[in-house]
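*Asks:* Can you read through this structure? Questions will come right after.
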Amino acid sequence: MDRSIGQFRAHPWHGVPLGDRAPEQVTCYIEITPSETVKYELDKATGLLMLDRPQRFSNFCPTLYGLLPRTYCGTSVAELSAERTGRTAIEGDHDPLDVCVLTERPVSHGDILLQAIPIGGLRMIDGNEADDKVVAVLLGDSAYGSFREIADCPRPLLSRLVHYFETYKYAPGAHERPCEVTHVYGREEAYDVIRRAQADYRAQFLTGQPA
């Protein structure tokens, strides 16, 4: 028997299933927490969590933040973004679909997996790229776990999320902000985005592989 089987960690993007109940319940890989003063990001080549950069300013992401395994923002995700925004030059950002997870419990570090319930999302345009953020709640969370629709989310928290993503790449003195949140959308549209990101992943990475 090959004793090496099972001794190696799964790649968080490619080696972890999104889950049999997706898009209603999804596995999330968390990269950063609200307490981080630096931005961590998954190194796509190795599957290790790397330090990307210090947080640029004093604002921090108000939720757990990470990605949905085996998703990809490609043609299908970009087509929906273009349709909803009326912009014709949109393309996918060629990364996994991002997710923000609400929980009342402090989580001390990233590089973890958790189960969450999508309730909506933010349609963000970064330059000319679709960079949607799914908003979800931690499964079983005592404060947010009963939320099933984006309208259940407190408006001030949504406003903080929108502000964070519209400003986290903004350089003081610049004439334009590179990121714009054009829409806050509900659960059913979040499901559509997730399914499209799954289809984009299959087209990008699994075409020609045996079923």
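*Asks:* Counting just the residues of region 33-65 that are in a loop (DSSP other than H, G, I, E, B) and of a type in the set (Lys, Arg), which one comes out modelled with the lowest pLDDT?
*Replies:* ARG56
*Asks:* I've got another one for you. Could you give every pair whose Cβ atoms fall below 7 Å, whose first residue belongs to region 125-140 and is farther than 23 Å from LYS169 by Cβ, and whose second residue is among the polar types (S, T, N, Q) and surrounded by fewer than 24 Cβ atoms within 10 Å (Cβ to Cβ), counting only separations of at least 6 or pairs across chains?
*Replies:* These pairs meet every condition: LEU138/THR103; LEU139/GLN25; LEU139/GLN115.
*Asks:* Continuing with the same structure: Could you list, in sequence order, all residues of region 66-98 that are in a loop (DSSP other than H, G, I, E, B) and of a type in the set (Lys, Arg)?
*Replies:* Selection gives ARG70, ARG87.
*Asks:* Filter region 78-106 down to residues that are modelled with pLDDT of 95 or more and β-branched (Val, Ile, Thr) and give me whichever is surrounded by the fewest Cβ atoms within 10 Å (Cβ to Cβ).
*Replies:* Result: THR85.
*Asks:* Of the numbered conditions (1) surrounded by fewer than 20 Cβ atoms within 10 Å (Cβ to Cβ); (2) touching a Phe, Trp or Tyr at 6+ places or on another chain (Cβ under 6 Å); (3) of a type outside the set (Gly, Ala, Ser), CYS61 satisfies every one except a single condition; which is it?
*Replies:* Tallying (1) surrounded by fewer than 20 Cβ atoms within 10 Å (Cβ to Cβ); (2) touching a Phe, Trp or Tyr at 6+ places or on another chain (Cβ under 6 Å); (3) of a type outside the set (Gly, Ala, Ser), CYS61 fails exactly one: (1).
*Asks:* Suppose the filter is of a type in the set (Val, Ile, Thr) and part of a strand (DSSP E or B); does VAL101 pass it?
*Replies:* Spelling it out, VAL101 is indeed of a type in the set (Val, Ile, Thr) and part of a strand (DSSP E or B).
*Asks:* Find all pairs meeting these conditions: Cβ atoms under 9 angstrom apart; at least six residues apart or on different chains; first residue within region 30-51 and at negative phi and free of Cβ contacts under 8 Å to residues at least 12 places away in the same chain; second residue among the hydrophobic types (A, V, I, L, M, F, W, C) and part of a strand (DSSP E or B).
*Replies:* Within 9 Å, the pairs are GLU41/ILE32; GLU41/LEU49; GLU41/MET50; GLU41/LEU51; ASP43/LEU49; ASP43/MET50; LEU48/LEU42; MET50/LEU42.
*Asks:* Return the total of residues in region 1-32 being of a type in the set (Asp, Glu), outside any strand (DSSP E or B) and modelled with pLDDT of 95 or more.
*Replies:* 2
*Asks:* Another question, if that's okay. Could you tell me whether region 188-204 includes any residue that is aliphatic (A, V, I, L, M) and either modelled with pLDDT under 95 or not in a helix (DSSP H, G or I) (or both)?
*Replies:* no
*Asks:* Please tell me if THR27 is surrounded by 14 or more Cβ atoms within 10 Å (Cβ to Cβ), touching a strand residue (DSSP E or B) at 6+ places or on another chain (Cβ under 9 Å) and farther than 17 Å from PHE165 by Cβ.
*Replies:* Yes: the conditions hold for THR27.
*Asks:* Select, from GLY92, GLY66, the only residue that is without any contact (Cβ under 8 Å) to a residue 60 or more places away in the chain and of a type in the set (Gly, Ala, Ser).
*Replies:* GLY66 is the lone residue from the list that is without any contact (Cβ under 8 Å) to a residue 60 or more places away in the chain and of a type in the set (Gly, Ala, Ser).
*Asks:* Moving on. Hey, can you tell me all the residues within region 69-118 that are under 22 Å from VAL38 (Cα atoms) and among the hydroxyl-bearing types (Ser, Thr, Tyr)?
*Replies:* THR103, SER108
The values are calculated or read from the model by the stated rules, or taken from the named source; none is laboratory data. Nothing here was measured: the structure is a model prediction, and the numbers come from that model. Please note: Cβ atoms are built from the backbone with ideal geometry, for glycine as well, and neighbour counts cover all protein chains shown.
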